[in-house]
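Asker: A single structure is presented below for examination.
The values are calculated or read from the model by the stated rules, or taken from the named source; none is laboratory data. Keep in mind it's a predicted model, so treat the numbers as computed, not measured. Every residue, glycine among them, receives a Cβ derived from its backbone with ideal geometry; neighbour counts consider all protein chains shown. Just so you know, the surface numbers come from the protein's heavy atoms only, side chains and all, with ligands and any DNA or RNA stripped out. Shrake-Rupley method; radii C 1.70, N 1.55, O 1.52, S 1.80 Å.
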Amino acid sequence: MQVFNVQGMSCGHCVKAITQALQAKDPAASVRVDLAAREVGVESALTTEQVIAAISEEGYEAKVA
């Protein structure tokens, strides 16, 4: 599982937006969001760069934890 620090997440809508963005690019992706820790865990065939790009497209700043 890849873990990313994501800034700007604050609510359930944020969780849904990030999860849907990643699953749109990889329908088999497993996404775990921890709002309190500002972390997103992703199990996916996507590369690190693709995950960061998908999260960034939703308006959040992501980097490898």
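Asker: Restricted to the stretch 29-44, and to residues that are open to solvent by 90 Å² or more (accessible area, probe 1.4 Å) and not in a strand (DSSP E or B), which residue is farthest from residue 59 (Cα to Cα)?
Answerer: So, considering only residues that are open to solvent by 90 Å² or more (accessible area, probe 1.4 Å) and not in a strand (DSSP E or B), the one farthest from residue 59 (Cα to Cα) is 36.
Asker: Would you check which residues across the stretch 19-28 are in contact with a helix residue (DSSP H, G or I) (Cβ under 6 Å, 6 or more places away or on another chain) and open to solvent by less than 60 Å² (accessible area, probe 1.4 Å) and list them?
Answerer: Within the stretch 19-28, 21, 22 qualify.
Asker: OK, next. Is it fair to say residue 12 is small (Gly, Ala, Ser), on the phi > 0 side of the Ramachandran plot and open to solvent by less than 90 Å² (accessible area, probe 1.4 Å)?
Answerer: Here the answer is no, as residue 12 does not meet what is asked.
Asker: Something else now. Just checking, how many residues over the stretch 13-46 are within 15 Å of residue 3 (Cβ to Cβ), over 11 Å from the mean Cα position of the chain (by Cα) and without any contact (Cβ under 8 Å) to a residue 12 or more places away in the chain?
Answerer: Result for the stretch 13-46: 2.
Asker: Within the stretch 53-63, take every residue that is outside any strand (DSSP E or B) and open to solvent by 40 Å² or more (accessible area, probe 1.4 Å) and give me the one that is farthest from residue 15 (Cα to Cα).
Answerer: Among them, the one singled out is 53.
Asker: Scan the stretch 33-53 and give yes if some residue there is in contact with a Cys (Cβ under 9 Å, 6 or more places away or on another chain) and either at negative phi or of a type outside the set (D, E, K, R) (or both), otherwise no.
Answerer: Taking every residue of the stretch 33-53 in turn, at least one turns out to be in contact with a Cys (Cβ under 9 Å, 6 or more places away or on another chain) and either at negative phi or of a type outside the set (D, E, K, R) (or both).
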